[in-house]
Amino acid sequence: MKNHSRLAGMQYLVMITVWIVLGLLIAVTHLDRFLNYYSASMLAELEFLVPVVVLLFMDRFEVMRGTRMKVIRIQTVLWILLLTVLIMPINYYLNAVSQLLVPNAVNANVAYFNALTGNNMWGNPLWLNLLYMAVLPALIEEYIFRAVLFQGFRSCGLLKTALLTALMFGLAHGNLNQFMYAFAMGLFFAYLVEAAGSVYASMLLHTLINSFTVFIFYIEMHLPENVTSAMIEAENSVSSEQHLGLAFWIIGAVIAGACVVLAVIVLRRIALSAGREVVYKEARKGRDRLKGKEGSVFSVQLLIGLLIPVVYMAIVMIVSIVRK
């Protein structure tokens, strides 16, 4: 098995470049007026997927050899359901922390396209929102980050691979709000793939997390108007004011920390249920590197690929501050 870290770095660089260039082109030419949230979301996913698949094709899909894509057991699915419950408080706490600095990116995007099209997407069928906001993004993103890129860096060891793919995943969201919780989720997704021995496990977890968020939004938008207004005002207070008090943040941190500990335990149970307890233990201890194959994790292509979204996010934040 060859070391594919250089190719993985190139894949990420091309993917990020295509995504940003096409995004800027659409913004400059105002082509977004022909899009709604669904089409814009899928276009962004395809901007990620197509360059990666093209480079895979050029490489004859060699990097995909050994990719973990086996069917997961029912027992493992049940543990993943519990893992979802544990991860959600972590997700929401990091989301709240980030909103002290920047607005909620998902809310802003939905509001933008609702205003642009004059159509409230939450009035559409629930299955449609779940398909475009939960299922398809999870499948595509997990294939890219936890199948292709994960496999590309895997010979360097689980810890390095998990940290790097989580960083790449977070930066690919293009904003500080989503970066904070996407990075944390990326770590769990990577370790879950190793524990379960299948990328289908992270696809399921990612879908469940997205679906939970969609359900919350959907329920909020279909509550009585006075209740919805009160909930939105409460959410806005988290993102726009810092008067919630130290107790709120301490309690939230304690709950999130406890969920992290329990999630780590559940990951070990998942490895046991999948018959990978020994393999997962060795990987966690760093004994899983392919000697003579690990090579260098970082390449010029990867470093440029990581730098581009950082600069992009910084420019967007500066522009938003100046506009205020």
Just how large is the dipole of the chain about the Cα centre, in debye to the nearest 20, putting +1 at every Lys and Arg Cβ and -1 at every Asp and Glu Cβ?
1520 debye
Probe radius 1.4 Å, ligands and nucleic acids ignored: give me the carbon and sulfur share of the accessible area of the chain as a rounded percent.
70 percent
For the chain, find the longest principal axis of its Cα atoms and tell me its angle to the long axis of helix 74-98, 0 to 90°, nearest 10.
50 degrees
So how exposed is Arg73, as accessible area in Å² (1.4 Å probe, rounded to 10)?
140 Å²
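Mind jotting down a quarter of the surface of the convex hull over the alpha carbons of the chain, in square nanometres, one decimal?
Numbers: hull surface 70.4 nm².
The Cα convex hull of the chain, projected and averaged over all directions, gives 17.6 nm².
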Just order 23-29, 308-314 by mean Cβ neighbour count inside 10 Å, highest at the front, would you?
308-314, 23-29
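Suppose R0 equals 45 Å. What FRET efficiency, 1/(1 + (r/R0)^6) with r the Cβ-Cβ distance, do Val71 and Arg323 give to the nearest 0.05?
Details: r = 50 Å, r/R0 = 1.10.
Approximately 0.35, to the nearest 0.05.
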Taking a probe of 1.4 Å, how large is the accessible area per residue of the chain, in Å²?
50 Å²
Can you tell which of Ala274, Gly123, Phe189 lies farthest toward the positive end of the dipole of the chain, using +1 and -1 charges on the Cβ of basic and acidic side chains (Lys, Arg; Asp, Glu)?
Ala274
Lys pairs in the chain, Cα-Cα under 23 Å, at least 8 apart or on separate chains: how many?
13
For 270-277, 36-43, ranked highest to lowest by mean beta-carbon neighbours within 10 Å, the order is 270-277, 36-43
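By per-residue mean of other Cβ atoms within 10 Å, what is the highest-first order of 118-125, 176-183, 100-107?
Working: 118-125: 12.4, 176-183: 21.5, 100-107: 16.5.
Ranking, from highest mean packing down: 176-183, 100-107, 118-125.
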Mind pulling the angle between the C-alpha long axis of helix 199-221 and the longest principal axis of the chain? Nearest 10 degrees, somewhere in 0 to 90.
10 degrees
C-alpha long axis of helix 5-29 to longest principal axis of the chain, angle in °:
20 degrees
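The values are calculated or read from the model by the stated rules, or taken from the named source; none is laboratory data. Small disclaimer: the values here were computed from a predicted structure and weren't measured. Every residue, glycine as well, gets a Cβ built from its backbone with ideal geometry; the counts of neighbours run over all protein chains shown. Each accessible area value is taken on the protein alone, full model and side chains, heavy atoms only, with ligands, DNA and RNA left out. Shrake-Rupley method; radii C 1.70, N 1.55, O 1.52, S 1.80 Å.
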